[in-house]
C-alpha cells in the first residue's frame, strides 16, 4: 500500500513538473490590458483604478484589447518584476517611482498625469523662523523630516537636491539621535501633517513637502505657518506619470495614449477620471518635462546608491 501511495505521489509531481512550463510558454495574453499600481491598500486603489480601466478597454477593441485587469505590487521591486515579465502593461505612479522603474526595466513614460488641475509641483524646505536656518547650506549638523521612502516630493527629489549641493545624508534612529556635524540627519515622518508638526514642535529642524501640501491647511495648519519659514525650493517637475512596459505592442501603446488624452474632453470619462486620483487630464510629455524627468532619474539613482 505504501508503494502504491509513493507511485501516485511521484506521478502527481511529474504531472506538475510537466504542466509548469506550459503556463510560462503561454506568456501574457495580448488581448488583456493589465493596469498596475504599487499599493499598501489594494482595496482602496482597486476602487480608484477600475472605473478608468473599464472606460479605456472598450475603446481599444480595434487593437485587440478585449479585457482589462488590475495587478497590485507591494513595492517597486515587485512591480519591476511584473514589468520585465510582461505581467503588467500600464503603470500609474508618481515621478520618482516611475523613474526608478524606467531605470530598472526600461519602462517608458507615456503621458503626464494632471491631478486637481496641477501637472507639476516642486519640493519646499522649511524650518522654524527662530531656528537661525535660512538656506539649504545651513543644514549640516541638523535634521530633516522626509515623508516616506517612496515619496517623490518629500524624499527622492529633496534628498537628491541635498546630495547635489555636496551634503551627505545619514539616517537617524529617532529625533533624539546624535547628528554628525558634517552630515544632515534624516527621519521619515510618514505623513505631511507629521512633518509640519515635527518641525513646529522642534522634533526635526527642517521639513520638506510639495508646494501643494505647503499650501494645504490640512497638511500645513495655519496655526503653524507664522512660526515657519521657507529656506529652499527645487525646480518644478512632473507630478505623476502613466508608464508602459518596454515591449508593449506599439499599436496598443499608441491607442492607449490616444484614449487617455481624449478622456478629458469626454463627459463619459468624468467620473472615472475623478476616481483615478482626482485626475483632470492626461498630457503629452513636452521637452521641458522630459528634461525634468531625466534630472529626477539621475537623482533617484544617486539617492539609491549613496543614501539607501
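The values are calculated or read from the model by the stated rules, or taken from the named source; none is laboratory data. Here the structure is a predicted model, which means the values were calculated and not measured. Cβ coordinates were reconstructed from backbone atoms using ideal geometry, including for glycine residues, and neighbour counts include every protein chain displayed.
Points worth noting:
- Residues of region 87-108 that are surrounded by fewer than 20 Cβ atoms within 10 Å (Cβ to Cβ) and farther than 21 Å from residue 46 by Cβ: 103, 104, 106, 108.
- When 60, 72 are checked against the criterion of being modelled with pLDDT of 95 or more, touching a strand residue (DSSP E or B) at 6+ places or on another chain (Cβ under 7 Å) and not in a helix (DSSP H, G or I), 72 stands alone in meeting it.
- Set 226, 215: member being out of contact with any helix residue (DSSP H, G or I) (no Cβ under 8 Å at 6 or more places or on another chain) and within 15 Å of residue 154 (Cα to Cα): 215
- The numbered conditions (1) surrounded by fewer than 17 Cβ atoms within 10 Å (Cβ to Cβ); (2) part of a loop (DSSP other than H, G, I, E, B) are all true for residue 54 except (2).
Conditions (1) in the same structural domain as residue 212 (by TED's automatic domain parsing); (2) within 24 Å of residue 82 (Cα to Cα); (3) not in a helix (DSSP H, G or I), marked per residue:
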{"site": "247", "(1), (2), (3)": "no, yes, yes"}
{"site": "251", "(1), (2), (3)": "no, yes, no"}
{"site": "259", "(1), (2), (3)": "no, yes, no"}
{"site": "265", "(1), (2), (3)": "no, no, yes"}
{"site": "281", "(1), (2), (3)": "no, no, yes"}
{"site": "296", "(1), (2), (3)": "no, yes, no"}
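- Strands (runs of 3 or more DSSP E) contained in region 120-231 and holding at least 2 residues buried (at least 19 other Cβ atoms within 10 Å of the Cβ): 123-128, 143-146, 183-188, 206-210
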